[in-house]
Every structure is written in C-alpha cells, then in structure tokens.
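Since the structure comes first, as structure tokens, the remarks are kept for the end.
The values are calculated or read from the model by the stated rules, or taken from the named source; none is laboratory data. Predicted model only: the values in this text are computed from it and were never measured. Counting neighbours? That spans all protein chains shown, and the Cβs are built from the backbone with ideal geometry, glycine included. Areas reflect the complete protein model, heavy atoms only, side chains present, ligands, DNA and RNA absent. Shrake-Rupley method; radii C 1.70, N 1.55, O 1.52, S 1.80 Å.
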Amino acid sequence: MQLSESEIKSLCGLSDKEVAQRIKQEGYNELPRSKKRGIFGIILGVLKEPMFLLLVACGTIYLILGDLQEALMLIGFVFVIMGITIYQENKTEKALDALKDLSSPRALVIRNGKQIRIAGRDVVRDDIIIIKEGDRVPADAILLWGLNLSVDESLLTGESVPVRKLPAGAIEIKSPEKGTSIRPGGDDLPALFSGSLVVQGQGIAKVTATGIHTEMGKIGRALLKIKEEPTLLQKETGKIVRMVFIIAIILCSMIITVYGITRGNWLEGILSGITLAMAMLPEEFPVVLTIFLALGAWRLSKKNVLARRIQAVEILGTATILCVDKTGTLTQNRMAIQSLFVNNNFYHVSEKRNTLPEEFHKLVEYGILASKQDPFDPMEKALNALGYKTLNNTEHLHENWNLIKEYPLSPEILAFSHVWQSGHGKGFIIAAKGAPEAIFDLCHLSESRRKEISIKAEKMASEGLRVLGVAKAISEKDMLPGTQHDFDFVFIGLIGLADPIRETVPRAIEECYKAGIRVIMITGDYSGTARNIACKIGLKNTEAVITGHELERMNKQELEEKIKTVNIFARIIPEQKLLLVDALKAAGEIVGMTGDGVNDAPALKSAHIGVAMGERGTDVARESAGIVLLKDDFTFIVEAVKMGRRIFDNLKKAMAYIISVHIPIAGISLLPVFMGWPIILYPVHIVFLELIIDPACTIVFEAEEEEPDVMQRPPRPPNSPLFGKRMLLISFLQGLFSLGVIVLVYLIAIWKFGNSHAGIEEAHTITFITLIVSNLCLILTNRSWRKGLFSMLKVKNRALPWVVLGATGFLLLVIYVPFLRTLFHFRFMHIPDILISLGAGIATIIWFEFIKFIVRKKNIGLLQG
C-alpha cells in the first residue's frame, strides 16, 4: 500500500550525520576504478612474450654487427607494441568510467526535512529521492509513492518499451543483501534501478542500494572479472616463433662448431653462424602481424567499422557464431505503429504511406488525445508521429483544445483518460487508452463482444505487437466524476505497436548464412515477440525458443546440448547473456556478440569479438567491444566479416611467403659450411634481402583484394592452426624448388668461372641475382593461390610496382656501382648472365602455377588448408 498524503509530507529523509556515516561505511554511489598495472609491470609483461624477445635478440645481433639503423628499427617495434599494450591496459578502466558517468546523474533528495539537489555520487542508502518525467534514476530504490509512473529500463534489459511502476508499502521493502528477487523489466513492480529513465509521471522512492551493490554495479563487477584471452593468431605465431628460434640457435651453434673445427677459422665460423641465424630468424612474423592488423583496422574504418582492439580484426574473419541483441541491433530501438483494428477490420500501417483510410482516423485521433502533448513515452511518440503524418490539415488534430483533467493509470484500471474542452461548447470530450482488458471494462462491453475483440487483440499480440485499446466519451455535466469508470465510454479500436526491424537486416542475415556463420538472437523480450522478429529477419529454426527462466533450471550439460540448435533466447538477463557466450566458447565456437546497451557490456567483453552499435550504443558497450559500428546498420557487420576474411587470407599468404623465402636464404647459408664451399651470403646480403622481404610481406600482400570465394566458404575451423599442413607443404615446396634452382645455378657458375677469387665472386653475383629474381617471383605467384600469374598482373596493387622497381634498382646499383659492388663482394655482370638468372628465377615458380591451374579446374580452396 502506498504512502498517504500526510505521510508524504512528514518524510524528513536522512540527517547530515547519517549521510556521512553511510558514505564512510559504504562509499560513494559510483563504480570503483579498475586497478591499473604500473608502467614497469606492463614493460615486464611485454618482454616475456617470445616474439618480442625475438625482436630484441635480432636487434642485439644487428648491434653486434654494427648495423645501428636496423637495430634501432627492430627495437623501435618493441616500443610501438608496448604502446599498444598500454592502450589495451586502459580499456577496462575506460569501460568502468563510462559506466560510472552513466550511473551518477544529479538527484533531488529529501534530507533534514528539505528538498535539495545533489550529485548522484552523493546519494546513499535509505535516502528519499524525488523523481519525475525526464529524470535519470540515481540508485536502486523502492517506490513509496507514484503517480502514473513509467520507466525506460532498456539500458539494463535491452527492451525499448517502458514499464509501469506501482508503489509498495514499507513492509514490502527488501534490501539486496536480504536476497530480493526483483529484476529489471516487467510491469507493476515497485523496484527502480540505477541508470533507468523516467518517461512519464512522478514518484518518491527510498534508496535500497548504491554503487557496486546496484544492478548496474553488478555489471561493473562482471566487467572486472572478465579476462581477455590471447587470440589464436597470437598463440600460433608465438608457438612457431619459439620453434624457429630454438632451431636457429641449435644450427647456429652447430655451424660455428663445424666451421671452426673443420676450417680452423673461428671468426668466419661465428660470422657464418650469425648469418644463418639472421637468415632463419623470422623477425617478420611479429612485424607482419602488427602491421597487417593495424592496416586492417584502418581499412575497416573506411567502411564505418572502428576496430578498438586490433586483434579483433583477425577474429572477425573466423567467427562461427554471431550472437545478436534484438533491440537496437536487429530493430530500430523505437516504437512504431504497425497495425490498426476498427470495426472488425485490420489495417497494416506502412511508413511509406502518408494517408490512412477514413475509418481509422478517429482511432488515431483519440489515441493522441489520450497521450501527452509533448511525450517522453515511445508509444505516445509513435502515436503523435503517425497522427501528424497522416492527419495533418484535417479536423482530427486539436492543438487548440484545453486539457482539463487527467485520470492516471491505477492498479484497478490499467488505462489513462484525458478530459478535453474544445472551446465550442460546455461539454467535455474524454479520450482513454490502455490495456485492452481495461478499455473493455471502461466501455462495459458484453461478454460476447469482449471475447470477439480479445481474439483480435491476441492475434496482434502473437505477431509480436504491443496492443493498446482506445475509447471515447462525451460528458455534458458541469462536474467531472471522481473516477474514469463513471464515464460512458464507447470502444473505438485497437492499436498495435512494435519496434520495427532494420530494413537491411534480412539480407545481412542471409549473407551470414552464406558465409557459414550461425546467427543467434538473445533478447530480454517475450518469446512470442522474439519468434516473430526472427521470422521477419529470416533466422533459422524459429520454432525452438529458450527463455531465461528455463535457462536458470538447466544444468551445464543440458545447456551445451540445447545451444547447438536453438537460435532464439528470450527473457534473458545480462548475467545469462554472459553465460550463453561462455557456453558457446566452451563448445569451441568463435563467438561474436553484438549489442548497444549497458546490459550487453559483459557479454561484449567476454566474446571473442564484441560488436557495439556506435550511434545508439552506450559508452559502456563501446568501451567493452572490440569492434564499433560507426553507423548502426547490420550490413556493416557483414562487410566487416568480409574484410576480416580478406585480411586473414592475405596474412596467410604473407606468412607462407616468409617461410618459403627463408628456406633458400637459410639453405645457401648452411650448405657451404657442410659442403666445404666458400661462403655465399654475408650479413650485408641478408640486410639487402630484408629490404625486399619486409615491404613485400607487409605492404604488397596486405593491399591484395579478397579472393572470389571469400564469402562463399565456411569459416576457418576454430581449432585449425594458422600454419596448416597444406600451407606449410606449399611453402616448403616453394622454398625447396627455389633453393634447388639457386644451388644449381651456383654450381654451374663455379664450374664456368672456376674456383679463383674472381670466379667465386662472379658465382656469388649470379647466384644472388637468381635469389632476388626468385624472391620477386614468389611475391607475384603468392598474390593469389587461385588466380594465375598473368591474371594477377592485371589486378591493381599500388605497392607492388614500387617493391619490384625498388628491388631492381638496388640490385643494379650493387652490381654496377664499384663501391657497392666491392662491399657486396660482387663482380660486373653482362646481359647474358642476367638473363640466365632471370630465367632461373622464373623457373622456380612454374610448378606452382601449374598447381593453381588444377585448383581452378577442380574448384579446390588452397587457402582453406
């Protein structure tokens, strides 16, 4: 039972002493900041990563060799990645700060018997707060007194329809510590929740929880507990880097030992060992990973997709499941009138039409009259929008009428009534709207008529519509009755409202299915509404629905079994969204989660890739997500997936190229030691090769367009390695073919030019030219693992000509400029020698072009293995 008028006036609130005591015991009404790691802790964590240790090791080797510029460049990459890590470290803090700002609005409270306005952070438990239309609720509270109070709890529930609030007596108040079961969402409850918005009416409430003890605070605590996991790419790259690092160290030690023992020249042995280590150490892996994902994030931004976590770019292309929040993601997060019912006739309202049939004019007219003139309520906004669109310049809009009295909604009658006076007479015009059952009661309909209209209302509700009844009355009496039930109302009709789906969503869902991505809808709405929306957008298996209540009773095994086929989850609360995401992750799925509300933040952060809506989304959602859509259009998710797959394909090509190009380099560094040949490659040669390898594997491959079948194939299996058997086989074969041709050219050159110092240098020169040509050919053939070389030459790549021309220009300089020729231990080359090297280099890739020809004929996907 709610407070009486005398009890309201007697409310004194807390004293200043009590407030100070509460703050001392429970703290301010705000969320705590996440504890930050110190700068030295972050640096220590970075230096523990094997790939970063490798960069430092390579830089140290270059320092020993005296190449300060190359050393500083590699060590510089360490500091760049440290900066990225520091940025990631601050992300959790930003999410909590955004949540803190949202949960600390200004508040009107009663203290010491006076009304004062204070900062939201100063509200304490047991404070008496006064709320009215447009206010943000500063803390969780119990309503003591209310008049026509409706609250938008979409930030917590994800649902755009406001809920009615009814007062509770002091005896019913339960504090959260005592286990209240009241959750956000649902009509006619006395609980108010921090961060929700009052859209209609006014009220007085008693605060029951502040700060981290509120429902919003629980979300903040959940965010703090969630640990971010290394991505698959980070794990796999780290693994292969460690493996290559160990092999390189072993071989380097072997070469130094063998060379020193067999030739007695330990200095040259150390030089050969360092050269081999430089040839084998794939310092490009961490560099390529960083640059590819950074440039990928830049490309995504051009498509209105902001990558807040660079690693999220990788996972976009491998997502197997996309968990979608209904409100604001699939729908427009606004109410719109979709159906009207008058005199046994239905009319479907289209936003493209600017007129209504005459028989429906009165229904809209009196629906508007029963609404506020400048409403907050989204349903009343929809009524006003329809009226001013379709009834403009007609006699059905009455801006000059005077509102005489309002009859608010009550527990006995779930309907509003507005009494108007037109100014043309002494009578009153009354308009009422509310729950259909309440309107039936006001109109004193017969039982048969009630059943007849109830069937129509149930039909509208089954289509996912929120149904309102509308009635009118005319009174010629001078005195208005005490209750709206005393008017002689006449039933007019029913209005069906819904949150309309985004027009682009069905096509985007279809694209997801083509790409092998399963779509799951998770919503706080009722199962009937959820199923209706699912049918409209083209979701699969719409018959199966699991509600939040059913989910609570499921054990882990049941959930893991059901979640394999069920695509609709209704009446879900935030903690359960997180539970679903974690269950899918445990099943081995790569999970994407979209959302825009505070309630989505924990699931967004826990998912492998969180996608937040940028326009309508809350700061909390944006800060918690890895991807933010700058335009709230579901189709951009599909574009992001396409871009993610393109980036991943190109990354695999670049990694394959790195492996294949290091094999001949390492081979011709290793073979001379065991075969007793003169040293072929010196550190300066390796540095020259890096000038080609680095820009090729970063800029050239990153700029390649997507393969034709990029969105017609299923995602990469979650547990499959980045370096698959097929990819490694092709890379090794490419490298071995290249090594074989280069060694053959070297042996022929030694046979032709002899073992003299001049002959050896000529053999070095022609071998090195062959190696460079082979390197460039590997770039050209790896641009696509499907299209032929000549076809790819027609495909534009802005970076490719610069790399080819740059490599050719540098090669000509070191051959024909005497100073550089001496530095590289080369000899002057004649045109026939260069042509031989050119032909030999091209020969190294002919076999792979033949493989690609077979692949095109049999429609095999090389990149999928």
Could you give me the ³J(HN,Hα) list for segment 535-545, computed from phi with Karplus coefficients 6.51, -1.76, 1.60 and θ = phi - 60°, whole Hz, x at Gly and Pro? 5, 5, 8, x, 6, 8, 6, 6, 6, 8, 9
So the FRET efficiency between Thr394 and His348, C-beta based with R0 = 35 Å and rounded to 0.05, is 0.95
Place a label point 7 angstrom from the Cα of Leu166 along the Cα-to-Cβ direction, then list the residues of segment 440-460 whose backbone nitrogen is under 18 Å away. 440-442
Can you order the peptides 726-739, 704-717, 399-412 by their average number of other Cβ atoms within 10 Å per residue, highest first? 726-739, 704-717, 399-412
Which entries of Lys372/Lys451; Lys556/Lys585; Lys303/Lys852; Lys536/Lys556; Lys514/Lys540 show an alpha-carbon separation above 21 angstrom in the structure shown? Lys372/Lys451; Lys303/Lys852; Lys536/Lys556
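Which percent of the accessible heavy-atom area of segment 771-865 goes to carbon and sulfur, probe 1.4 angstrom?
74
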Would you mind checking which residues have amide H under 5 Å from Gly538's amide H? H placed 1.01 Å from N; only 5 or more apart, or other chain. none
Contour excess over end-to-end distance, with Cα ends at Leu671 and Leu11 and 0.36 nm allotted per residue: 228.3 nm
Phi angles of segment 734-739, converted by Karplus (6.51 cos²θ - 1.76 cosθ + 1.60, θ = phi - 60°) into ³J(HN,Hα) in whole Hz with x for Gly and Pro, give 4, x, 5, 4, 4, 4
Using amide H atoms built 1.01 Å from N in the peptide plane, name the residues 5+ places from Gly493, or on other chains, whose amide H lies under 5 Å from its own. Val470
So, R0 is 51 Å and r is the distance between the beta-carbons of Leu835 and Ala587; what FRET efficiency does that work out to, to 0.05? 0.30
Other residues with Cβ under 14 Å from the Cβ of Val545 give, with Lys and Arg +1 and Asp and Glu -1, a net charge of +2
Ranked from the most accessible area to the least, with a 1.4 Å probe and all protein chains present, what is the order of Ile246, Ile659? Ile246, Ile659
Would you kindly state how much longer the chain becomes between Ser454 and Asn112 on full extension, computed as 0.36 nm times their sequence separation minus their alpha carbon distance, in nm to one decimal? 118.0 nm
Sequence of Lys852, Lys239 from largest to smallest accessible area, 1.4 Å probe: Lys239, Lys852
How do the peptides 817-823, 561-567 rank, highest first, by the average count of neighbouring beta carbon atoms within 10 Å per residue? 561-567, 817-823
Please turn the phi angles of segment 244-256 into ³J(HN,Hα) values with the Karplus equation 6.51 cos²θ - 1.76 cosθ + 1.60 (θ = phi - 60°), one per residue in order, whole Hz, x for glycine and proline. 5, 4, 5, 4, 4, 5, 4, 5, 4, 5, 4, 5, 4
1.4 Å probe accessible area per residue over segment 476-616, in Å²: 41
Taking the Cβ of Gly482 as the center, what net charge do the other residues with Cβ under 14 Å away carry, scoring Lys and Arg +1 and Asp and Glu -1? -1
Report the gain in length on full extension from Leu747 to Ser253: 0.36 nm times residue separation, minus Cα-Cα distance, nm rounded to one decimal. 175.2 nm
The summed charge of the Val342 Cβ neighbourhood (under 12 Å; Lys/Arg +1, Asp/Glu -1) stands at -1
When you count, for each residue, the other Cβ atoms within 10 Å and take the mean per peptide, how do 477-488, 360-371 rank with the highest first? 360-371, 477-488
